[in-house]
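Notes follow once the structure below has been shown.
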Amino acid sequence: MFKLLKNMGKQEVAMAILCAILVIAQVYFDLLLPDFMSELTVLIQSQGAVNSILLTGLKMLGCTLASAGLAVACGYLSARVAGGFSFNTRRKLFNHVMSLGQAEMNGFSVPSLITRTTNDISQVQMLISMGLQNIIKAPIMAVWAIIKMVGKSGELSLVTAIAVVLIVAVVIVVMSIVLPRFRIVQKLTDKLNGLSRENVSGINVVHAFNAEEYQNNKFEQTNTKMMKTQLFNQRVFAVFQPYMSFMMNGLSLVIYWLGAALLNGIVGFEARLGMLSNIVVFGTYAGYVVMSFMMLVMIFMMLPPAQVSAERVNQVLNAKPSIIEGVITNSALKGNVEFKNVSFKYPDSNEYELENITFEVTKSQTLAIIGATGSGKSTLINLIARFYDATDGEILVDGINIKDYTFDALYNKLGYVTQKAVLFSGSIRQNITFGQSVEEIDEEDVAEAIKLSQAEEFVNKLPQQTEHYIAQAGKNVSGGQKQRLAIARALARKPEILIFDDSFSALDYKTDARLRSELENNLADTTKIIVAQRISTIKNADKIIVLDDGKIVGMGTHEQLIESCKVYQEIAYSQLSASELKGGK
């Protein structure tokens, strides 16, 4: 918790310190009231002057108004501190998540990261907002009140001490029972978010297979478990309020009952008046002590979920990126990619996904990668983009190990089109100009990219053309349109190396052929790496790599592989006839 609080800015720290000072002043005015009450009791019992009684009453009113004004100021400051903390922490957490690699991201689930960025930080924010005053005020008031009580009556002090011990004992027992269950609640919250996200994203499949009841049951199981856990927690916490009220009222009753007994044993008006004054003051101070513990109990009720949330946020912030950028920003070569005995296995896996991969592709060449599902095609090109780092061997881009490049330098060389086309909410133009590139992307670049990607035919038919709004995740365009816009985004950057991770799969054969022809004619100097399932897409590549079970089982041109590589032959003859394989494009 305290580690997370370091995310407060200097302004928030200054306001927190000012709030603490105001709280101390507030406690000072609150604790003046019993002294004035004692003075007022003496004046009334001794039939003092009316002016003196009125003056004492005005002093009490002044203390009350001062305390109320300070409470308002503290409330404002604590809200500002909590808001600033939440802002800084969310920004830091979001930026840190953006710096993590795929390996670390897989360690946390997407629903969990969303929960940690939103709900978990809100839990801590609420604790700061409501607890900043109480967590400072309660102990100061309790200690100050106890100091003022000491020496006034040994019997009454003993009664108060017993009440405090009983309160502390119950708080410790309740916290030890509830805290572990709050960790369970947070994990169940992650699971509920995951189920909701899965259901919403796959709603069409759910409807198509009449799986509504099945999904409802899955959700209901987790939801019921969470409900029961939360009910248990809240029932335990429900004991607090009546218990604290009982202790406070019971303590007041015992103090006045014991005080009356002590008062009866005193002879003499002055002595009895002094004892009566002490009893009134003592009763008020004892009430302050119990009230302080009540405030602490309120904090303790909020502390367990906030503590768990803080731990979860710190888990993400403490995650160290496994992929560290280098320092090189430039290179002499252009468009060259080389693998030297590269092997790779995923974190926490004992088996290699890729083994002894060696090849080189030079500027202007087209490299194609083909293989059965699960053969490691996407994994191979993910290594070029440093989504993961190779376990063994070296990957060179333009003659330099990719680990030595800065992230900006490496990604400025690459134009990467993912297997699943991803679009963001905004206009078509905003999606195509997305991110940073070496040179600014102007309208001419956007138009050229749209033309090359074969997106021109549908973009020009839209009323607003490049200003047409794309919904989140591209829900208002077809799969093929999404894929072409994703390709246009990569082309607009004018990279040295274009990487297509099965990016033509949603295109019809005619559009696929036109797109490849445009790339060949207009981007002759650009290195192209294409992962594909279709033989027709890759048969004209300068070099084709055939992967099987993470190993290269064939490398060469289409003509060479159709003669020598059994795996390639199986794939080729499953898609095309012998005459088609021998034909042109």
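What ranking, highest mean first, results for peptides 114-125, 282-293, 154-165 when packing means the other Cβ atoms within 10 Å averaged over each residue?
The most tightly packed comes first, giving 282-293, 114-125, 154-165.
P(r) tail for region 337-582, what percent of Cα pairs lie past 31 Å? Working shown, then result.
Numbers: 7253 of 30135 pairs.
Pairs farther apart than 31 Å: 24 percent.
Across region 4-317, how large is the tail of the calculated P(r) beyond 35 Å, expressed as a percent of all Cα pairs?
Working: 19638 of 49141 pairs.
Tail of the P(r) past 35 Å holds 40 percent of the pairs.
Past 22 Å, Cα to Cα: identify those pairs from Lys191/Lys225; Lys420/Lys528; Lys528/Lys566; Lys461/Lys539, in the order given.
As for pairs spanning more than 22 Å Cα to Cα, those are Lys528/Lys566; Lys461/Lys539.
Quote the relative contact order of the chain in percent (integer), defining contacts as alpha-carbon pairs under 8 Å separated by 6+ residues.
14 percent
For Met175 and Ala79, FRET efficiency with R0 = 22 Å and r from the beta-carbon atoms, rounded to 0.05?
It comes to 0.25.
Could you give the length gained by full extension between Lys551 and Ser517, i.e. 0.36 nm per residue of separation minus their alpha carbon distance, to one decimal place?
Length gained, Lys551 through Ser517: 9.2 nm.
List, in order, the whole-Hz ³J(HN,Hα) value for each residue of region 212-229 obtained from phi through the Karplus relation with A = 6.51, B = -1.76, C = 1.60 and θ = phi - 60°; use x for Gly and Pro.
4, 5, 4, 5, 4, 5, 4, 5, 5, 4, 5, 4, 5, 4, 5, 4, 5, 5
Which of the listed residues, Tyr388, Leu452, Leu100, is farthest toward the dipole's positive end in the chain, when Lys, Arg count +1 and Asp, Glu count -1 at the beta-carbon?
Leu100
For region 4-317, what's the relative contact order in percent, using C-alpha pairs closer than 8 Å and at least 6 residues apart?
Working: 286 pairs, mean separation 98.4, N = 314.
That works out to 31 percent.
Under a cut-off of 22 Å between alpha-carbon atoms, report the lysines in cross-link reach of Lys148, not counting same-chain residues fewer than 8 places apart.
Result set, ordered by chain and number: Lys59, Lys137.
Do you know the relative contact order of region 337-582, to the nearest whole percent, from alpha carbon pairs under 8 angstrom that are 6+ apart?
26 percent
Classify region 308-435 from the C-alpha gyration tensor, please: rounded if a/c falls under 1.5, else prolate or oblate depending on whether a/b exceeds b/c.
Values: a/c = 1.43, a/b = 1.16, b/c = 1.23.
Judged from the Cα gyration tensor, region 308-435 comes out rounded (a/c under 1.5).
Under a straight-distance cross-link criterion of Cα-Cα below 16 Å, which lysines are reachable from Lys10, leaving out those fewer than 8 residues away in the same chain?
Lys92
For the chain, give the magnitude of the charge dipole about the Cα centre (Cβ charges: +1 Lys/Arg, -1 Asp/Glu; no others), in debye to the nearest 20. Can you show the working numbers first?
On the way: 53 positive and 52 negative charges, 344 e Å.
Approximately 1660 debye in magnitude.
Given only helices, namely DSSP H runs of n ≥ 4 each adding -39500 (n - 2.57), what is the per-residue ellipticity at 222 nm of the chain, to the nearest 500 deg cm²/dmol? Walk me through the numbers on the way to the answer.
Numbers: 21 runs with 370 residues, N = 585.
Value at 222 nm, helices only, nearest 500: -21500 deg cm²/dmol.
Computed from the mean reciprocal separation of all distinct C-alpha pairs, what Kirkwood hydrodynamic radius does the chain have, in Å?
Working: mean 1/r = 0.0331 Å⁻¹.
Evaluated over the chain, this radius sits at 30.2 Å.
When the Cα centres of region 361-383 and region 414-477 are compared, how far apart do they sit, in Å?
Each part's Cα centre sits 25 Å from the other's.
Give the span of region 28-129's Cα atoms along each principal axis, as three whole-Å numbers ordered largest to smallest.
81, 18, 15
Please give me the summed charge of the neighbours of Ser437: other residues whose Cβ is under 15 Å from its Cβ, Lys and Arg +1, Asp and Glu -1.
-4
Taking the beta-carbon count within 10 Å as an exposure proxy, list His207, His468, His558 from fewest neighbours to most.
Values: His207 10, His468 16, His558 19.
Ordered from fewest to most neighbouring Cβ atoms within 10 Å, His207, His468, His558 come out as His207, His468, His558.
Treating only the Cβ atoms of Lys and Arg (+1) and Asp and Glu (-1) as charged, compute the dipole magnitude of region 4-317 about its Cα centre; round to the nearest 20 debye.
600 debye
Quick note: the coordinates plus some simple rules give every number you see, no bench work behind them. Nothing here was measured: the structure is a model prediction, and the numbers come from that model. All Cβ positions, even for glycine, are placed from backbone atoms using ideal geometry, and neighbour counts span all protein chains on display.
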